[in-house]
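> The following block contains the structure, expressed as structure tokens.
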Amino acid sequence: MADSMTWVGFPVATALALLVVPAGVRGLLDAGLVRENWRGARVAFPLGAVLATAALVALAPLAFLDDRADLDLLDPELRRWIPYLLGLAFLGFLDDSLGRGEAADAPRGWRRHARALREGRLSTGAIKAIGALALAAYVVSGRGLESWRYLADVGLLILATNAFNLLDLRPGRAEKGLALLGVGLCVGAWTLAPVELLGIFAGPVLVGAWFTLRERAMLGDTGSNLVGAIAAVWLLTTLGGTGRLIALAVVAALTVYGELRSISKAVESVPPLRWLDSLGRA
């Protein structure tokens, strides 16, 4: 076995995304797949579908060479987590597609989805929540965890993913959050493990940020789910037991705040956060 080269996935995926993502954005526009953003501009939508496709384009040659050429290009743990990332992207795409015709007062947020279920209506958001729970319970299983730690890790996956969905209310905000989290985890743990594990997904997300920041495309739930899933898996695989519990408390608090208050107003009220939030935006 050659020396591990699992870091290669990130630059390969980034390079391929520089070709795939612009073409994908043009394809969405040509197909009339657009939606109004927060300022009323009509932009390509959902960019998340293009980002997931770019990751798979990178995975194809890497997976072949990893196995046939014995080059050790992919982290073996990717097999465990990739169903969660692609599954959450699919659930987001379902919401983006089938939820397009919902009324302005259609169920949004967990409380409203729960109310819709009580009233006998199954919103696409509720389907997404149930599917996320199923996928999280599946990928966390088989790790030899005590029952309470298993439940805590499932909760961390779901709530961290949802937290980035809550952040995605302004162009580039979710991607900036992911970049800051990735840098913080790598520097804090002095490791490249997050990039080595999910670099094939992180690369396309960073390329796609140029299009969201310039307001040429919108992530949609497909993209915010994918970004959130990357962040959630990074937290789960990089932090130790105590760190994961702290992260769970943080994302739980953010979720509650996001359900009751406006995260955008909170960001705009703090000058450093407002500057960071607007950085690079058109």
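The values are calculated or read from the model by the stated rules, or taken from the named source; none is laboratory data. All values derive from a computational prediction rather than experimental measurement. As a convention, Cβ positions derive from the backbone with ideal geometry for all residues, glycine included, and neighbour counts pool all protein chains shown.
> Within the stretch 249-282, track down each residue that is among the hydrophobic types (A, V, I, L, M, F, W, C) and under 21 Å from Thr212 (Cα atoms).
Of everything in the stretch 249-282, those that are among the hydrophobic types (A, V, I, L, M, F, W, C) and under 21 Å from Thr212 (Cα atoms) turn out to be Ile263, Val267, Leu273, Trp275, Leu276, Leu279, Ala282.
> Return a yes/no flag: does the stretch 159-166 have any residue that is more than 30 Å from Trp210 (Cα to Cα) and of a type in the set (Val, Ile, Thr).
Pass one, the stretch 159-166, residues more than 30 Å from Trp210 (Cα to Cα): none.
No: the stretch 159-166 contains no residue that is more than 30 Å from Trp210 (Cα to Cα) and of a type in the set (Val, Ile, Thr).
Here is a yes/no grid of residues against (1) out of contact with any helix residue (DSSP H, G or I) (no Cβ under 7 Å at 6 or more places or on another chain); (2) surrounded by 19 or more Cβ atoms within 10 Å (Cβ to Cβ); (3) modelled with pLDDT under 95; (4) closer than 30 Å to Val195 by Cβ:
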residue: Pro61; (1), (2), (3), (4): yes, no, no, yes
residue: Ala69; (1), (2), (3), (4): yes, no, yes, yes
residue: Ile82; (1), (2), (3), (4): yes, yes, no, yes
residue: Asp96; (1), (2), (3), (4): no, yes, yes, yes
residue: Arg100; (1), (2), (3), (4): yes, no, yes, no
residue: Thr124; (1), (2), (3), (4): no, yes, yes, no
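> In the set Leu239, Leu248, Leu198, Leu279, which member is aliphatic (A, V, I, L, M) and more than 21 Å from Leu88 (Cβ to Cβ)?
Just a single option satisfies the conditions, and that option is Leu279.
> Within the stretch 219-282, which helices (runs of 4 or more DSSP H) (wholly inside it) include 3 or more residues that are without any contact (Cβ under 8 Å) to a residue 40 or more places away in the chain and over 26 Å from Gly40 (Cα atoms)?
Values: elements: 220-238, 241-260, 263-268, 271-278.
In the stretch 219-282, the matching helices (runs of 4 or more DSSP H) lie at 241-260.
> What is the residue count in the stretch 172-203 for residues that are assigned to a helix (DSSP H, G or I) and touching a Ser or Thr at 6+ places or on another chain (Cβ under 7 Å)? Step through it out loud before you land on a result.
Taking the stretch 172-203 and keeping what is assigned to a helix (DSSP H, G or I), we get 173-189, 193-203.
From the residues that got through so far, the ones that are touching a Ser or Thr at 6+ places or on another chain (Cβ under 7 Å) too are 174-175, 185, 189, 193-194, 196-197, 203.
Selection size over the stretch 172-203: 9.
> Sort out which residues of the stretch 185-212 are aromatic (Phe, Trp, Tyr) and out of contact with any strand residue (DSSP E or B) (no Cβ under 7 Å at 6 or more places or on another chain), and write them in order of number.
Trp190, Phe201, Trp210
> Another one. So Ala232 passes all but one of these: (1) surrounded by fewer than 19 Cβ atoms within 10 Å (Cβ to Cβ); (2) over 22 Å from Leu29 (Cβ atoms). Which condition number does it fail?
Exception for Ala232: condition (1).
> Return only the number of the condition from (1) out of contact with any Gly (no Cβ under 8 Å at 6 or more places or on another chain); (2) surrounded by 14 or more Cβ atoms within 10 Å (Cβ to Cβ); (3) assigned to a helix (DSSP H, G or I); (4) of a type in the set (A, V, I, L, M, F, W, C) that Leu169 does not satisfy.
Of (1) out of contact with any Gly (no Cβ under 8 Å at 6 or more places or on another chain); (2) surrounded by 14 or more Cβ atoms within 10 Å (Cβ to Cβ); (3) assigned to a helix (DSSP H, G or I); (4) of a type in the set (A, V, I, L, M, F, W, C), only one is false for Leu169: (3).
> Determine the pairs where a residue that is touching a residue at least 12 places away in the same chain (Cβ under 8 Å) and among the β-branched types (Val, Ile, Thr), located within the stretch 147-168, has a partner that is part of a helix (DSSP H, G or I) and surrounded by fewer than 21 Cβ atoms within 10 Å (Cβ to Cβ) with Cβ atoms under 6 Å apart, the partner being 6 or more residues away or on another chain.
Val154/Ala137
> Please pick out the residue among Val50, Val20 that is at pLDDT 95 or above, buried (at least 16 other Cβ atoms within 10 Å of the Cβ), over 18 Å from the mean Cα position of the chain (by Cα) and under 23 Å from Ala179 (Cβ atoms).
Exactly one of Val50, Val20 is at pLDDT 95 or above, buried (at least 16 other Cβ atoms within 10 Å of the Cβ), over 18 Å from the mean Cα position of the chain (by Cα) and under 23 Å from Ala179 (Cβ atoms), namely Val20.
> Something else about it: Tell me, please, whether a residue that is among the polar types (S, T, N, Q), at pLDDT 95 or above, buried (at least 19 other Cβ atoms within 10 Å of the Cβ) and within 26 Å of Ile200 (Cβ to Cβ) can be found in the stretch 138-161.
Yes, the stretch 138-161 has at least one match.
> Look at Val43 and say whether it is of a type outside the set (Ser, Thr, Tyr), surrounded by 12 or more Cβ atoms within 10 Å (Cβ to Cβ), at pLDDT 90 or above and in contact with an Asp or Glu (Cβ under 8 Å, 6 or more places away or on another chain).
yes
> What about Leu206, is it under 17 Å from the mean Cα position of the chain (by Cα), surrounded by fewer than 20 Cβ atoms within 10 Å (Cβ to Cβ), touching a residue at least 60 places away in the same chain (Cβ under 8 Å) and part of a helix (DSSP H, G or I)? I'd like the intermediate steps shown before the answer.
Numbers: under 17 Å from the mean Cα position of the chain (by Cα): yes; surrounded by fewer than 20 Cβ atoms within 10 Å (Cβ to Cβ): yes; touching a residue at least 60 places away in the same chain (Cβ under 8 Å): yes; part of a helix (DSSP H, G or I): yes.
So Leu206 fits the description; yes.
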